[in-house]
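The values are calculated or read from the model by the stated rules, or taken from the named source; none is laboratory data. In this text, all values refer to a predicted model and were calculated from it rather than measured experimentally. Cβ atoms come from the backbone with ideal geometry, glycine included; neighbour counts cover every protein chain shown. Note: accessible area is taken over every heavy atom of the protein model, side chains too, but ligands, DNA and RNA are not part of it. Shrake-Rupley method; radii C 1.70, N 1.55, O 1.52, S 1.80 Å.
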Amino acid sequence: LTLPRLLLAAFHVLLLVGMSNAVNLTDGLDGLAAGVTLPTWLVLGIMGALAPAMAATTAVDPGLVVFCAAFAGATVGYLWYNAHPAQVFMGDTGSLAIGGGLTAAAIALRQEWLLLIAAAVPLVEMFSVMLQVASFKTTGKRIFKMSPLHHHFELCEWPETRIVVRFGIASALCGVLALVVAYLR
């Protein structure tokens with residue numbers, strides 16, 4: 001193995017572990033994890049279908065497009081029963097699988113960096129936990145009322161449905177930004 005390949009492999013492992021845990025931390029309100037990852041699945045599917053037009057290094061892979069579409073469809077079906085008040089819960093198995101699947105699709109598309117834009121909402125949730133822990137351990141003070149970030153907004157008396165919808169909108173906007181960046185590259 002050459003050093004660049006070794007560094008890329010290390011980045012892929014870090015991305016896989018980080019994204020899986022980011023989605024897991026996001027899964028704290030009814031419909032939140034699925035609502036913020038649905039746009040990301042759609043963006044990755046679009047990137048897979050339009051790879052040549054976006055100057056991606058990969059050709060169109062119908063299997064990868066079907067993989068993203070299947071996960072997006074499953075997420076929509078799941079949201080039907082997970083919307084507030086939830087009748088079904090995702091848990092660690094589902095959230096870790098979604099994070100791992102998103103990462104696998106991005107790696108297969110060779111669009112790992114764009115995943116960081118498209119999935120910014122779960123990543124912000126993860127970093128809110130990291131910042132909270134680091135701040136409390138070093139200074140004894142909290143940055144947020146509670147982490148992950150969606151719980152901070154709950155303690156600011158935002159209704160659960162407002163948090164879920166606004167985080168979903170933010171995720172959709174991040175997805176559009178990722179598509180624009182992919183197209184302009």
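Just for the stretch 1-31: of the residues that are part of a helix (DSSP H, G or I) and among the hydroxyl-bearing types (Ser, Thr, Tyr), which one is surrounded by the most Cβ atoms within 10 Å (Cβ to Cβ)? Within the stretch 1-31, the match that is surrounded by the most Cβ atoms within 10 Å (Cβ to Cβ) is Thr26.
Of all the listed residues (Val164, Val180), the sole one being crowded, with 20+ Cβ neighbours inside 10 Å, part of a helix (DSSP H, G or I) and of a type in the set (Val, Ile, Thr) is Val164. Filtered by the rule that a residue be surrounded by fewer than 19 Cβ atoms within 10 Å (Cβ to Cβ) and of a type in the set (Ser, Thr, Tyr), the stretch 146-161 gives a lone residue, Thr161. Criterion applied to Glu112, Glu160 was being modelled with pLDDT of 95 or more and of a type in the set (Asp, Glu), and the one residue passing it is Glu160.
Only helices (runs of 4 or more DSSP H) whose full extent lies in the stretch 73-157 are considered here, and the ones with at least 2 residues that are of a type in the set (A, V, I, L, M, F, W, C) and under 30 Å from Leu50 (Cα atoms) are 91-109, 112-118, 120-139. Which members of the stretch 87-145 meet the condition of being among the charged types (D, E, K, R), open to solvent by 10 Å² or more (accessible area, probe 1.4 Å) and more than 22 Å from Val65 (Cα to Cα)? Those that are among the charged types (D, E, K, R), open to solvent by 10 Å² or more (accessible area, probe 1.4 Å) and more than 22 Å from Val65 (Cα to Cα): Asp92, Lys137, Lys141, Arg142, Lys145. Hey, does the stretch 65-81 have a residue that's more than 23 Å from Val164 (Cα to Cα), touching a Gly at 6+ places or on another chain (Cβ under 6 Å) and not charged (D, E, K, R)? Yes, because at least one residue in the stretch 65-81 is more than 23 Å from Val164 (Cα to Cα), touching a Gly at 6+ places or on another chain (Cβ under 6 Å) and not charged (D, E, K, R). When the stretch 58-69 is limited to residues that are surrounded by 10 or more Cβ atoms within 10 Å (Cβ to Cβ) and assigned to a loop (DSSP other than H, G, I, E, B), the one that is modelled with the highest pLDDT turns out to be Asp61. Taking each residue of the stretch 74-92 that is closer than 17 Å to Thr40 by Cβ and looking for partners that are surrounded by fewer than 15 Cβ atoms within 10 Å (Cβ to Cβ) with beta-carbon atoms closer than 8 Å, six or more apart or interchain, yields Tyr78/Val88; Asn82/Val88; Asn82/Phe89. Among the residues of the stretch 93-108, those identified as hydroxyl-bearing (Ser, Thr, Tyr) and in contact (Cβ under 8 Å) with a residue 60 or more places away in the chain are Ser95, Thr103.
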